[in-house]
1. Going by the conditions given, is Asp120 open to solvent by less than 10 Å² (accessible area, probe 1.4 Å), within 16 Å of ligand 1 (Cβ to nearest atom) and among the acidic types (Asp, Glu)?
2. Answer yes if at least one residue in region 28-44 is within 16 Å of ligand 1 (Cβ to nearest atom) and farther than 27 Å from Asn96 by Cβ, and no otherwise.
3. Sort out which residues of region 259-287 are assigned to a loop (DSSP other than H, G, I, E, B) and of a type in the set (Asp, Glu), and write them in order of number.
4. Provide a single number: the residues in region 123-140 that are within 16 Å of ligand 1 (Cβ to nearest atom) and either in contact with a Leu (Cβ under 7 Å, 6 or more places away or on another chain) or at positive phi (or both).
5. Mind counting the residues in region 45-66 that are without any contact (Cβ under 8 Å) to a residue 12 or more places away in the chain and within 17 Å of Asp98 (Cα to Cα)?
6. Return the residues of region 36-61 that are under 17 Å from the mean Cα position of the chain (by Cα) and closer than 13 Å to Ile7 by Cβ; say none if nothing qualifies.
7. Give the residue, chosen from Ala44, Ala21, that is within 16 Å of ligand 2 (Cβ to nearest atom), in contact with an Asp or Glu (Cβ under 9 Å, 6 or more places away or on another chain) and at pLDDT below 95.
8. Quick check on this structure: which one of Asn152, Asn128 is of a type outside the set (A, V, I, L, M, F, W, C) and within 20 Å of Arg239 (Cβ to Cβ)?
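The values are calculated or read from the model by the stated rules, or taken from the named source; none is laboratory data. The shown structure was predicted, so the numbers you read here are calculated from the model rather than taken from an experiment. So basically every Cβ, Gly included, is an ideal-geometry build from the backbone, and we count neighbours across all protein chains shown. Protein only, heavy atoms only, side chains kept; ligands, DNA and RNA dropped before computing areas. Shrake-Rupley method; radii C 1.70, N 1.55, O 1.52, S 1.80 Å.
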Amino acid sequence: MGIMIPIASGKGGVGKSVLAANLGVALAELGKTVVLADLDLGGANLHTILGLKNRHAGIGNLVHRTESKIEALVVETGIPKLFFIPGDVLLPGTANLDYSMKRKIIKGLSALPSDFVLMDLGAGSSYNTIDFFLSSFSGLIVTVPEVTSILNAYSFLKTALFRGLFRSFPPRGPERKMITDFASRRMEGTEESFMTLEGRLLESFPATAEAAIAQLGTIYPRVVLNMGRSSRDLAVGARLRDISSRNLGIKIEYIGFAPRDEAVPRSVLERRPVLVARPDSPFAATVRAIARRLADPAAASAASAPRLYMDNEDLVAVAEEGLATTAGQDEFPEDPRDTSA
Ligand SMILES: Nc1ncnc2c1ncn2[C@@H]1O[C@H](COP(=O)(O)OP(=O)(O)OP(=O)(O)O)[C@@H](O)[C@H]1O
Ligand SMILES: [Mg+2]
């Protein structure tokens, strides 16, 4: 059983795939067996970053049932101990996965005989991405030090928390109804926070809500600030930590600050991981530091798998749209303009 590390972001193009590929190399260099899975369905490109030919079956084949076992999708990367599972480039059209397929993928990945499973996810807050992200309570979130990206990371976290809370309760139960009602009311402009909702659930359903909320309290996302230029960028990142703690009641950890580095686009162009093509670059050094933190036994034991219901019921579509579009702005207290240094 490998440690599952989903890699997500609110905004696209912030460096998830580059980070996933290079973290894979760095963990393999530390002697860990790593499976890198391309779960950016519809936008799979991890094979390119790894310099692999796009001719192997992948997650798309599983979804279209031309392949039934996830083990059969594992291919070698040419780097010792680093393995790869392609996305859906050969067989696309896998935008909305049903719950049984998501469960099959998550279970299949976690059962592989590896130390780590790194999951490169699509940008944004689709249910696919959120549910893959919730396969661990300490996934990575990548952001760049710009206000829009930080806000999107915050929205992503908020949607993941709503979804995690929702999936903590049995299908069609009164707890879920309270959560959906709350989410639709938020759309009408009420100021209530996620913590207000938790308070109400505890009041109305003490028997079930206590355990669910206690479990959600152990969510511990780890944030990578990528493409930073100066130490001032750290302050922008700190703001994400502050609003997450104040409005969502969760702690986040900054696990790495990767500089903007020309070595990255150059290596991407050459289709070679930065750690292989430019092992002495600043970006490579940061990725190695992140890998050491992930491989630390204390961090590894904290990365427990949450117990959530995986089922068909979704937060009503209207509530989802509301969360996706209104999340953030109203609760981001300071003037965004002063941070765009
Ligand atoms: N630290 C960095 N310094 C300079 N360029 C970077 C850095 N990190 C990523 N990039 C560049 O940003 C681009 C996007 O990176 P990547 O594809 O990993 O993002 P992504 O978050 O996976 O995007 P998507 O959301 O589309 O999947 C790449 O072309 C890469 O060269
Ligand atoms: Mg990507």
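1. yes
2. No, region 28-44 has no match at all.
3. Asp261, Glu262, Asp280
4. Count: 5.
5. Residues flagged as without any contact (Cβ under 8 Å) to a residue 12 or more places away in the chain and within 17 Å of Asp98 (Cα to Cα) within region 45-66 amount to 1.
6. The answer is Leu36, Ala37, Asp38, Leu39, Asp40, Leu46.
7. Only one candidate passes the filter, namely Ala44.
8. Within the list Asn152, Asn128, the selection yields Asn152.
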